[in-house]
Amino acid sequence: MKLWIKLSIIIFSLGLVITLSGIIFIYRFSENFFKQSIIQEMKLKANGIEFILSTVNDLDYESLRKYSSISNVRTTLIKDDGKVIFESGFQENELVKMDNHLNRPEIQKAILYDSAIVERYSKTLNCNMLYFVKKIVLNINQNSKFVGASFIRVSIPKDIFQEKVVWLQSRIIYFSISLILFMIIITVIAAKKFTNPITHIVNVVEKIKNGNLHYRIDIQSKNEIGKLAESLNGMIEKLNHDIVRLEKLELIRKQFLGNVSHELKTPIFALQTALETLLNGAVDDKSVNRVFLEKALNNTQRLDRLLSDLIDISRIESGEMKMDFKTFYLNNFLLNIVDEFKEEALKSGVEIKFIPGDNEILVIGDTERLKQVIVNLLSNALKYTPEGGQIIVYTEIKDFKAYIFVKDTGCGIPPQHLDRIFERFYRVDEDRSRKVGGTGLGLAIVKHIVEAHGSNVKVESEVNKGSTFSFWLKIANS
Ligand code: ADP
């Protein structure tokens, strides 16, 4: 069952029970209330007649009859022996027809209790009547027509009174029906108003579940529902970001896998071709067998470099490679690495030199990983600097940071590539990179390691003039 229907039924049932109890109470007691108010009215009228009798001198029969008729009650005056001396329904001369009233139940009761209320059938009028009798002692002129009146009796036909009760009860029923109808409408409106936001939330969540992540819950209220909507919107937003990130990662993973297979295929294919050529007879041809063997060896070395770079990059990216920070003397550290490159540089006809800075400078970093950074930068400088060129490593201290520069006079990098050379497998000139034994991962590894030190790597380059790569390290003794 829908929530709004359930809610309507609960609220409506509650309202109905309360309203019906009230209505039944009023309905059941309306007759009594009515009776009481009519009796009260009759008492007032009796008092009014008593007042007139005792204050108006020479009151005649007709005047009293008129007064009774405008008061809308039947009035009877009875002596203490039961003789009727006034009856508003009769002319004075008709009084003789009236029998003695001493035995009337209301008179008997009034003798005992001074006043009485009796409901009974009137033989004189042939209908049910309600009687109120009051015992009186009149202090009036002895010549008055009403001397000796001991009881004032006022009465009304019960039908009149009953009609009024029925009228009131029917009004109560009409009112109840209208009230219940009104309650149904109000309950449904209230329940709908309460459940509409929930229905809206359910609809949006359903859409999200079906993959329509651009939907948002549009509820501005500040109550719990509003807060729920806000939290759900936040969740959807996060989900959206996570999905976009996952999709991006998935794309990167696919590209990476594609690149890796491509990178592996080239040396494996070259290795295979060299070995096949040897097997097909070249092994016995002394003029070429060495060439093919060297080619095979070169390609296995290239595979080795590629695999170790791949292992490094995946360890860095998965967070498996933990940095081991310590303080060390920067000059000494750089001097040793540059020394290791001296021989290779000499072979390539490139001059390599280190311009030492302040010997006392202590920096913070992981020496093993930072050595990899300098080695990669120097290898690149050597790879892309033609014979006769120069490579200089130098440092600068600025803003409590030690900047390290690796500058070469090589081929340089065209400006449109500068932003991308730190991406995995990105090369300016693929053939050239392969020829010089590049894996396309060197700068990506550099970037990762430098960033793990809280720093960043920069490059400035001019085609055919050279390139300068730089990054900074925190100084420990500043
Ligand atoms: P590779 O193994 O191809 O050198 P890297 O990631 O180390 O891969 O470098 C990416 C690309 O950046 C290289 O292919 C090359 O085009 C360019 N590059 C890097 N260092 C230099 C440099 N010192 N001079 C000129 N080009 C460079």
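Observations, loosely collected:
- Listed residues 246, 235, 268: farthest to the positive end of the dipole of segment 224-315 (Cβ charges): 268
- When each of 2/227; 342/435; 347/401; 66/158; 248/465 is checked by Cα-Cα distance, pairs over 29 Å: 347/401; 248/465
- Note that segment 6-165, at 20 °C in a medium of 1.002 mPa s, gets a Stokes-Einstein diffusion coefficient of 122 µm²/s from its Kirkwood radius over C-alpha pairs.
- Potential extension, residue 188-residue 112 segment - 0.36 nm per residue separation minus Cα distance: 21.2 nm
- Rounded to the nearest whole Hz, the Karplus-based 3J(HN,Hα) values (6.51 cos²θ - 1.76 cosθ + 1.60, θ = phi - 60°) of segment 55-66 follow the sequence 10, 8, 6, 6, 5, 9, 4, 5, 4, 5, 5, 5, with x at glycine and proline.
- Inter-label distance, residue 322 to residue 207: 4.8 nm, where each label sits 7 Å from its Cα along the C-beta direction.
- Subset of 286/383; 265/407; 295/447; 326/474; 35/79; 238/447 violating a 22 Å alpha-carbon distance limit: 286/383; 265/407; 295/447; 35/79; 238/447
- Sites residue 458 and residue 367, calculated FRET efficiency, Cβ-Cβ separation with R0 25 Å, nearest 0.05: 0.70
- A simple rule links phi to the HN-Hα coupling: the Karplus curve 6.51 cos²θ - 1.76 cosθ + 1.60 with θ = phi - 60°, which for segment 380-394 gives 4, 4, 5, 5, 9, 10, x, 3, x, x, 9, 10, 10, 10, 8 Hz, with x for Gly and Pro.
- More than 43 angstrom apart: percent of Cα pairs within the chain: 60 percent
- Cα centroid of segment 288-341 to Cα centroid of segment 158-182, whole Å: 102 Å
- Near the amide H of residue 288, within less than 5 Å, lie no amide hydrogens of residues on another chain or at least 5 residues away, with H placed in the peptide plane.
- Nearby aspartates and glutamates by direct alpha-carbon distance to residue 123 (threshold 19 angstrom, same-chain neighbours under 8 apart not counted): 87, 94, 99, 106, 159
- Under 13 Å from the residue 264 label point (7 Å along Cα→beta-carbon), backbone N, segment 296-323: 303-304, 306-308, 310-311
- Placed amide H near residue 321: partners under 5 Å, 5+ positions off or other chain: 316
- Gain upon complete extension [residue 228, residue 6; 0.36 nm per residue less C-alpha separation]: 77.7 nm
- Packing-based exposure ordering (other Cβ within 10 Å, fewest first) of 178, 467, 8: 178, 8, 467
- Using every pair of distinct Cα positions in segment 322-474, the Kirkwood expression returns a hydrodynamic radius of 15.7 angstrom.
We did not get these values from a lab; they are worked out from the coordinates using the rules stated. Please read these numbers as outputs of a predicted model, since none were measured by experiment. We place every Cβ from the backbone using ideal geometry, glycine too, and count neighbours over all the protein chains shown.
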